[in-house]
Each structure stands twice: as C-alpha cells, then as structure tokens.
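Notes follow once the structure below has been shown.
The values are calculated or read from the model by the stated rules, or taken from the named source; none is laboratory data. What you are looking at is a predicted structure, and each value in this text was computed from that prediction instead of being measured. Glycine also receives a Cβ, built like all others from the backbone with ideal geometry; neighbour counts cover every protein chain displayed. Heads up: the accessible areas ignore ligands, DNA and RNA and are worked out on the full protein's heavy atoms, side chains in. Shrake-Rupley method; radii C 1.70, N 1.55, O 1.52, S 1.80 Å.
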There are 2 protein chains.
Amino acid sequence: MAPTFESQQMAPLDLHAGRENPARNSNDGHKSRVTVVGSGNWGSVAAKLIAFNTLNLPSFHDEVRMWVFQEILPSGEKLTDVINRTNENVKYLPGIKLGKNVVADADLENAVKDANMLVFVTPHQFMEGICKRLVGKIKEGAEAISLIKGMEVKMEGPCMISSLISSQLKINCCVLMGANIANEIAVEKLSEATVGYRENRETAEKWVQLFSTPYFMVSAIQDVEGVELCGTLKNVVAIAAGLVDGLEMGNNTKAAIMRIGLREMKAFSKLLFPSVKDSTFFESCGVADLITTCLGGRNRKVADAFARNGGQRSFDDLEAEMLQGQKLQGVSTAREVYGVLRHRGWLELFPLFSTVHEISTGRLPPSAIVKYSEQKPIFSR
Amino acid sequence: MAPTFESQQMAPLDLHAGRENPARNSNDGHKSRVTVVGSGNWGSVAAKLIAFNTLNLPSFHDEVRMWVFQEILPSGEKLTDVINRTNENVKYLPGIKLGKNVVADADLENAVKDANMLVFVTPHQFMEGICKRLVGKIKEGAEAISLIKGMEVKMEGPCMISSLISSQLKINCCVLMGANIANEIAVEKLSEATVGYRENRETAEKWVQLFSTPYFMVSAIQDVEGVELCGTLKNVVAIAAGLVDGLEMGNNTKAAIMRIGLREMKAFSKLLFPSVKDSTFFESCGVADLITTCLGGRNRKVADAFARNGGQRSFDDLEAEMLQGQKLQGVSTAREVYGVLRHRGWLELFPLFSTVHEISTGRLPPSAIVKYSEQKPIFSR
C-alpha cells in the first residue's frame, strides 16, 4: 500500500530564532523568513500550516510573523497580545493552536521587513491600501504568494490580486487556491490546494513545501491566471447552483449547471488569457473548489434562499440577514463579468454567467437559470 | 437572451406508421425506424425522449418499438398489454406517459427486425445473451447505441458493451452516457448527456437529434471508450465519496476525493485506450455524471452506511437490506479494476481505486479512504 496520512510526529520545538533576536544563529542568514499578511479565518489556518513546516524544514526560520489588524477584545486586551500569549486567534479561529512559533505583530512594516517570503491573505478590498503602504518596504528578492480569492473583473479585463502585488511591490507573486474551507483544514481534515506559478518552478516548489502537510496536499502548476480566475469565477457558478437548489430541481440539473459553469469558467479564462491551460480546471483550484463551493458555501446558501423567495427579496437584503457581515462575492463578480461580456460582445457565449447576473438584478426570475440553451456547437472539434 | 427551455408545442399526433401496417406510406422507406431494446426505468425514459422526437422529425418513422421482457402483473395482465393500452410503463416508470407512438413488443426478434436504429438499454448482465439471440436477425446497415453503464473490466482489459454489440452483431455502436437520473428526466428537469462515437459523425448527429429535447441537452464527442469508461468508473468514486460522507469528513475532503477519483478515471482510461481524450472528462458523461452519482445514487448511499457501521456489516448485507433487489455496481467494478491494476503493476498509481477495493473487502477500515498520498509528481509536466 501507499504511505498513509497518519499525522507525522511533530519535531521537538526548538526555536532557533527567538522572538527577541530572530537572527541569532550564524547559519540563519541562509534560511527563509516567512510573514503572513492577514489573520482572519483562512489567514490563521495558513499560519498554522506554515508554522508546522518551518519547525520541521531546515531551510526556513522557525518563526512565522503574522500581521494582525489590531483589535481590542471585549476583555480590554489587544488581539495580538492574546494570540502571542495563547497561540490562538481567539477571534477568528478559536480553539485551534497556531503553533508557538507564530508571532502576531500589529505593525505592518515591522512584520514584513525581514521576510523573504510573504503570504497575502486579507480581504481583497484591503489589498490596494496594503500594497501602497508596503512600497519600498519589502526586502530585496522577496517572493510573494496570494491566497486571496475574489479579485475584481473590470471592463478592460480582470484586475488580478497577484498582478497588483507584483506591479506595486516589484516582486514575483504566485497564488494558492483550492477546495479550502478554512475550518475543515484547521481540524486537519484531508484537503488539497493548487499553487499557480509564472516561471520560477523552484520558488513554486518552495511554496509547496511550506504549505504541504499530511492532511493538506499541495501541487503546483504553471498557470497563475488560470488558478486565480478559478478562485473568483466559481462564486458565480455557486450562485447558479444555489438557485437550482432553491428551485428543488434535483441532482441531474445541479450537476449539469455545475458542468456548464465549469465550462464557462474555462472558456472565459482562456479568452482573457490565452496562456490558461485546460488541465488547470482538473486541479483542486478548478473542479474541487467548484464542488465544495456548490455543496456548501455562502454564495450557494443565499442564492438558495433567493430562489425560495421567488426573487422577491434582494440579494443585499438576504446577505445582510444571513451572513452576519460577511460579503457575497458571487453577485458582484457576476456583475463585473457581465460588464466584460457585454463590452466584448460575448454575452451569448456565456449564457450561465449572464443569466446569473440578470437574475440577481431582478431582470429575470430565478427559474431562468435552467432556461437557456447551450451556445456551443453540438460537436466538439 | 438565448432561447428558452419552455416545453415545445407537441406536434399534432399523426401516426403515419400505424401499428398494423408500419410501412403504409410510400415515403416511409427513407425514414429511420427506431427500436429500444429494454424497458426498465431508464429504457422507458429513453423511449419517451425518442418518441417525442420521432413525431417531430421528418427523417424518422413515428413509431418507436420497445422490447419488453414480458411480465404478468398482479392484475393478471401482461405488461406489454398495459403499456400499449395506457402508454405508461406502470411497473418501471409509473405516472409518466411515454407517447402514443411507443409500441411495447415482447418478441425480441420481431421488435428489432425492421429497425435501422437500435437503442440498447438493458441491465448489462443480459447483453451477452441478447446479442447471441440477435445474431443474423438485425437489418443490414443498422446502427446501434448503448445506454448501458457498468460493463465489465476483465484482467485483459475492459469488456465494453459497445464492443460486444459491435463484434457480435457486426454493426457500428455509439454510446450515450451522462448525469442521467431517469426519474428526473422523466419529469422533464433539465439534464445533459454525451454521445460517444467512433468515426461516423453523421450517425452521431442523428443520435443527438433523436435524443435531444428542450430539457435534455445532448452533445457528441469522438471518444467511445472514454465516454463508456466514465459511466462505469464513476461508481467506484461514488463508493469513495459515500465513505467520506459516512465518516462525516466534510465538503473539502469530499471534493478532494471526487477530484482524485476523476483524475484516476482519466488516467486509467488513457492507459487502457490511448485514444481517450482529456476533454471527455469535462463533458456530461465525465464531471457531471460523477457529481450526480456522488451527491445521490445507490453506490454513495450504501458506502455511507458501510462507513457508519465501521465496516462491520458487509456491502452484500447492506445492499440486500437497502436496495430492494437493485445491485451495487461500484463494489464489483472496484474489484475488477483492482484485478487489472494488480495484473499490470499499476496499483501504486491508483491509490483511490485500490483503496476502495481494499476497504470493500474488509482488508482496510473505511477511514483508509483518506489515508494515502497522491502518487503523482508534485509538478504537472
């Protein structure tokens, strides 16, 4: 039999890099230092995965810096102080030990200044501001990776987070996407993810090492745009799947809608970036993330409720009621995608994407999600 | 907007081909006659789809013959008589009108003798016997299509139903597979299917015409083996997905297992038939059928129960209790696939397929389904 997933023995804790003097050992100059920019639910899980590996891999400093947007907790304590005392993000990932080598830091510039490897995992609307603050503050030769799903698709094309990071900070930026419900990974349930890289395969391999654990299987492919677009566009398909659920159309129809959605994701990505590969959509970032998102996930859930209400209550309304301040990305992405499709004359080529937008704006009823024909030729060529 | 799926107006009933004298009109010689061999749940739905189209398309005779394995109903009536009187298959698809132009016929040879187009849709274990009875009884130049999922994978390779039909009856045979829960299609919920053809695209186009309705979207691809293997192998993945459900591992893990399963389906098919295309797995027969089968379906259901019982009750036992005489195909397919893998030295390449078999035979516990590592290189090449 193949090797098993049994939890690996944790290496004995040995913080070469103490919190006070991170570059104590003479060897340490060759080791990579990692900083996680962001400390929400997914950011905290990412810090946990990374902290496990930096302790075990000789090429990394043990310490993982985590930039925390400072908050004062109801107890009056600072969030960073509590994280550093308890090794838990009590606000965004309670009950999970991040590892003693995770150091929360509320000072963004201080958190990044020594890092060779920067992991960006904030809400996407904060990234423009964060990049502006970091211009000129990044270590030379640093590498970045973005875990941020939901970049904006603008009329002239998508404004990708990895491109924003690369162009603003003048550094190379990979992406990591996949079927990644943070709370399931936090309790070490088997999951997968995909790293998308542009050219440098060695760097990608290093990111794979940094994130992989026995329960989190990461592979890398040379297709940044494909991987990143999957992470955004799947939310539009999840809206469609939720509508089908709310209409109680059954599993055949849901599977058909998910498949058509996957095909539109692929076609749209390839039209925008001819370098995008078909095989990307077979990876965790493609079909697996789509499945997770269409089975659970907030876009599916709110769209289900939208259909059950016959479209009489708006998405904004339902979002406010159902998501406790979290935001739906599918509806806004559908609007942005619709803008691109109309601008380029592609509306008829993407009946699912355009119908989702027309339903969400009330121009079509929820039942329209199963009322279009495929626009592709019957024969694949 | 694109055209809608609203039910098309049914053409007025005009049975050119009466039941007594099927070749009454002089034009009729150029028209194709269709016979459906099989009348179970899926066979009856297929007859309904076809009967709708033969009434509306000028290139087909209106009448659709349906071979029925004769049964005497509790009322004392013959099943064929009731079908022909009520236009319903009261035993296998109650409540659904098949169309007045469907004629049930218990005489296999009589049912096929005038047909130019033969649709095979019986349980797969009957096909060898049926082919033997039909040798020399088929009209010259007839074309066949198989809707039969679950052909046998033998040590020397898979014994495909389409090949069996082709070689025994000396006719060309396409296949039709997809996310096709019969009862959902029967009530006209949106579904898709894929026709796989070998060389003759015109014939494939004719099959697409014959099956397509506003709620049943069919497309054709040149890949008989790929389409047919999808229909069988997905049942093995559904066992894996059911185990994950029974272990309550969550949606990330389920999505990961489905994706790894899809990858093994693709790799196994391509190793056996180098002509198999990657793109086939994006079609309804691939990813969509896999999704439907892993969301609902009897393989998933019984595997879920198997895991909840900690593997203490056998699949045979649970099948007998839960399926009322229906048979699980995933377990036997996993056994046959395992035989091929062992024979060819490929076990390590297919950890999911082989683990499903080892769990179903009790050699490994159900939890082993998430305890293997990917055997592929980290970098796609």
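General remarks:
- Cα centre as origin, Lys/Arg/Asp/Glu Cβ charges: segment A:216-266 dipole, Debye: 160 debye
- Calculated accessible area for chain B comes out at 39 Å² per residue, all protein chains present (probe 1.4 Å; ligands, DNA, RNA ignored).
- Surface composition of chain A: carbon and sulfur make up 50 percent of the accessible area, probe 1.4 Å.
- Each residue of segment A:124-135 was assigned a 3J(HN,Hα) from its phi angle through the Karplus expression (A = 6.51, B = -1.76, C = 1.60, θ = phi - 60°), giving 5, 5, 8, 5, 5, x, 5, 4, 4, 5, 9, 4 Hz with x at Gly and Pro.
- Evaluated at q = 0.09, 0.20 Å⁻¹: base-10 log I(q)/I(0), Debye formula over Cα of segment B:233-370: -0.24, -1.17
- Computed [θ] at 222 nm, deg cm²/dmol, the protein assembly as shown (DSSP H ≥ 4; -39,500 (n - 2.57); rounded to nearest 500): -12500 deg cm²/dmol
- Residues of segment B:58-97 with amide N under 14 Å of a point placed 7 Å along Cα→Cβ from B:A106: B:67-85
- Shape class of chain B from the Cα gyration tensor (axes a ≥ b ≥ c, square roots of the eigenvalues): prolate, since a/c reaches 1.5 or more and a/b is larger than b/c.
- Along each principal axis, Cα extent of segment A:7-222, largest first, Å: 49, 40, 36
- Excluding ligands, DNA and RNA and using a 1.4 Å probe, chains B and A jointly bury around 5600 Å² of accessible surface, summed across both partners.
- Dipole size of chain B about its Cα centre, with +1 on Lys/Arg Cβ and -1 on Asp/Glu Cβ: approximately 600 debye, rounded to the nearest 20.
- Given charges at Cβ of Lys, Arg, Asp, Glu: the protein assembly as shown dipole, positive-most of B:S279, A:Q125, B:F211: B:S279
- Cα shape, segment A:154-305, gyration tensor, a/c 1.5 rule: oblate
- Legend: mean number of C-beta atoms from other chains within 10 angstrom of residue C-beta atoms, peptide A:172-185, equals 2.
- Note on A:285-293: average number of Cβ atoms from other chains within 10 Å of each residue's Cβ is 6.
- Summing charges over neighbours of A:L98, with a neighbour being any other residue whose Cβ is under 11 Å away from its Cβ, gives +2 when K and R count +1 and D and E count -1.
- Three-way shape call for segment A:151-209 based on the alpha-carbon gyration tensor, with the a/c threshold at 1.5: oblate
- Mean per-residue shielding of peptide A:190-201 is 3, counting Cβ atoms of other chains within 10 Å of each Cβ.
- The charge dipole of the protein assembly as shown, taken about its Cα centre with unit charges on the Cβ atoms of Lys, Arg (+1), Asp and Glu (-1) only, comes to about 420 debye.
- Over segment B:220-289, Cα pairs under 8 Å with separation of 6+ residues give a relative contact order of 47 percent.
- Net charge of Cβ neighbours under 15 Å - reference A:K137; Lys, Arg +1; Asp, Glu -1: +2
- Sorting the segments A:118-124, A:66-72, A:316-322 by their residues' average number of neighbouring beta-carbon atoms within 10 angstrom, most packed first, yields A:118-124, A:66-72, A:316-322.
- log₁₀ of I(q)/I(0) at q = 0.08, 0.09, 0.10 Å⁻¹ - the protein assembly as shown, Debye sum with one point per alpha carbon: -0.69, -0.85, -1.02
- Dipole axis of chain A (+1 Lys, Arg; -1 Asp, Glu on Cβ), positive-most option in A:I72, A:A241, A:N87: A:A241
- Computed 3J(HN,Hα) for segment A:214-220, one whole-Hz value per residue from the Karplus formula 6.51 cos²θ - 1.76 cosθ + 1.60 where θ = phi - 60°, is x, 9, 10, 9, 10, 10, 10, glycine and proline marked x.
- Listed pairs A:K48/A:K266; B:K132/B:K170; B:K48/B:K91; A:K100/A:K137; A:K234/B:K254; A:K149/A:K270 exceeding 21 Å between Cα atoms: A:K48/A:K266; A:K100/A:K137
- Principal-axis tilt of helix A:41-56 within chain A, Cα atoms, nearest 10 degrees: 40 degrees
- Relative contact order (%) - chain A, alpha-carbon pairs under 8 angstrom, separation at least six: 13 percent
- Relative contact order (percent, whole number), segment B:124-268, Cα cutoff 8 Å, 6+ residue spacing: 18 percent
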